[in-house]
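Engineer: Attaching a single structure in structure tokens format; questions to follow.
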Amino acid sequence: MCERLASHAAVLRLMRQYNFRPKKNFGQNFLTEPKAAEKMAEAAQISRDDFVIEIGPGLGGLTQILSEKAAAVAAIELDRELTGILKDIFSDNSRVEIIQGDILKSNISALMNERGRRTAKIAANIPYNITTPVILNLLENRSQLSIISLMIQREAAERLTAKPGGREYGVLPLTASYYANVAINATVPRNCFFPRPNVDSVIVTLDLNSVNRAPDSGGILFRCIRAAFGQRRKTLLNCLRAQDWINAGREELIELLKSCGFDENIRGEALSLEDFIRLSQKLGG
């Protein structure tokens, strides 16, 4: 297959050939720039020994390039019609397996074990409306993953990399930075997609191998984080007091906060990941 599928001409040809129209409810915007697909593969550090799980392969533009660099690619597509088209497109490519399914309901470990794979890398061009649940799902099922390379809308990337004090700061960036080193690799302009979206996209990499933290014993850290952002307008003290798993009164919690170096009126959005880790260790102590 010599034609670059991640091109405007190829996308239009495939749509005509299969009488296919992008579906808004699936957030389908197909990549039309081969260099962007190359950057995705580069960001994921794909090598010939890698097993890659691709989420949302679209019309196969990124799938094609991944298959040229990896040992094998399992591409998971939710749209049944598109799944059939992809199976036809890659019928002669032994490195590509097209799977119809929902990544949010898929068992990644089972998928890998069935194919005799111990580790995998993720490559995904995901719609804005499912960005957060997909990332959190992948992080929850991270045990056999090494790198997650994502093409997401700029606004989603800003939320993923938000810092303390910002409006977008919360559970997502804290969870991501706890498990991975998060880096923005490149911007992909909106004119690199068809249909053309209203915003630019960004390639983001979550490197799971570069972070080695102690396990969240008893899940206390993420209980603290979820509590702190459950009602953003409340102080951290009041958010913690509302938790039935915390067996401490108001004055005791105030002293605990002070022992961490926090004022009793501080809000969760002001705390860094290290602050939350210190707080959770005090609560669990």
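Read the figures in this text as sums done on the coordinates, not as results from a lab. Computed from a prediction, not measured in an experiment: that's the story for all the values here. As a convention, Cβ positions derive from the backbone with ideal geometry for all residues, glycine included, and neighbour counts pool all protein chains shown.
Engineer: When only Cα pairs under 8 Å and 6 or more residues apart are kept, what is the percent relative contact order across the chain?
Structural biologist: Relative contact order comes out at 15 percent.
Engineer: Please give the charge dipole size of segment 8-207, origin at the Cα centre, charges +1 on K and R Cβ atoms and -1 on D and E Cβ atoms. Round to the nearest 20 debye.
Structural biologist: Here segment 8-207 has a charge dipole of around 300 debye.
Engineer: Going by amide H atoms built from the backbone, whose H comes under 5 Å of the H on N185, apart from near neighbours?
Structural biologist: Sorted by chain and number, the residues that satisfy this are I203, V204, T205.
Engineer: Tally Lys/Arg at +1 and Asp/Glu at -1 over every other residue whose Cβ is under 15 Å from the Cβ of G170; what's the total?
Structural biologist: +4
Engineer: Report, for the chain, the % of DSSP beta bridges that are antiparallel, rounded to 5.
Structural biologist: Values: 16 of 36 bridges.
For the chain, the DSSP antiparallel bridge percentage is about 45.
Engineer: Sticking with this one: Would you mind checking segment 262-285 for residues with the amide N under 18 Å from a putative spin-label position 7 Å along Cα→C-beta of Q231?
Structural biologist: Only 264-270 fall inside the zone, counting backbone N under 18 Å.
Engineer: Taking 0.36 nm per intervening residue step and subtracting the Cα-Cα distance, what contour gain separates A248 from E158 on full extension?
Structural biologist: The span from A248 to E158 would gain 28.8 nm if fully extended.
Engineer: Shifting gears a bit: What does the convex hull of the Cα atoms of the chain come to per residue, in Å³, rounded to a whole number?
Structural biologist: Hull volume over Cα atoms, normalised by residue count, gives 133 Å³.
Engineer: Could you sort out which of K24/K234; K87/K121; K24/K163; K121/K282 sit more than 29 Å apart by Cα distance in this structure?
Structural biologist: K24/K234; K24/K163; K121/K282, as the Cα separations exceed 29 Å there.
Engineer: Here's something else I'd like to know. Please compute the volume of the convex hull spanned by the alpha-carbon atoms of segment 158-255 and report it per residue in Å³.
Structural biologist: 146 Å³
Engineer: How far apart, in nm, are two points set 7 Å out from the Cα along the Cα-to-Cβ line at A214 and at S143?
Structural biologist: Taking the two extended label points, one gets 2.2 nm.
Engineer: Going highest first, how would you order 259-268, 25-34 by mean Cβ packing within 10 Å? Spell out each step's value before the answer.
Structural biologist: On the way: 259-268: 15.7, 25-34: 19.8.
Ranking, from highest mean packing down: 25-34, 259-268.
Engineer: Above 18 Å lies some portion of the pair distances; for segment 184-234, what is it as a whole percent of all C-alpha pairs?
Structural biologist: Above the 18 Å cut-off, segment 184-234 has 64 percent of its Cα pairs.
Engineer: Also, I was wondering about something else. For the chain, what is the mean residue ellipticity at 222 nm derived from helices alone (per DSSP H run of n ≥ 4: -39500 (n - 2.57); sum divided by total residues; nearest 500 deg cm²/dmol)?
Structural biologist: Roughly -11000 deg cm²/dmol at 222 nm, from the helical runs in the chain.
Engineer: For segment 7-109, what mean projected area does the convex hull of the alpha carbons give, in nm²? Display every interim value, and only then the final one.
Structural biologist: On the way: hull surface 26.3 nm².
Taking a quarter of the hull surface, the average projection is 6.6 nm².
Engineer: Here's a follow-up. Checking the a/c ratio against 1.5 first, then a/b against b/c, what shape does the Cα gyration tensor give for segment 230-285? Don't skip to the end; give the middle numbers.
Structural biologist: Numbers: a/c = 1.32, a/b = 1.03, b/c = 1.27.
Since a/c stays below 1.5, the shape of segment 230-285 is classed as rounded.
Engineer: In segment 8-207, if the dipole is taken from +1 on Lys/Arg beta carbons and -1 on Asp/Glu beta carbons about the Cα centre, which of A10, I147, L206 is farthest to the positive end?
Structural biologist: A10
Engineer: Taking θ as phi - 60°, what are the ³J(HN,Hα) couplings along segment 187-200 by the Karplus curve (6.51, -1.76, 1.60), each to the nearest whole Hz, with x for Gly and Pro?
Structural biologist: 9, 10, x, 4, 6, 8, 10, 9, x, 6, x, 8, 9, 7
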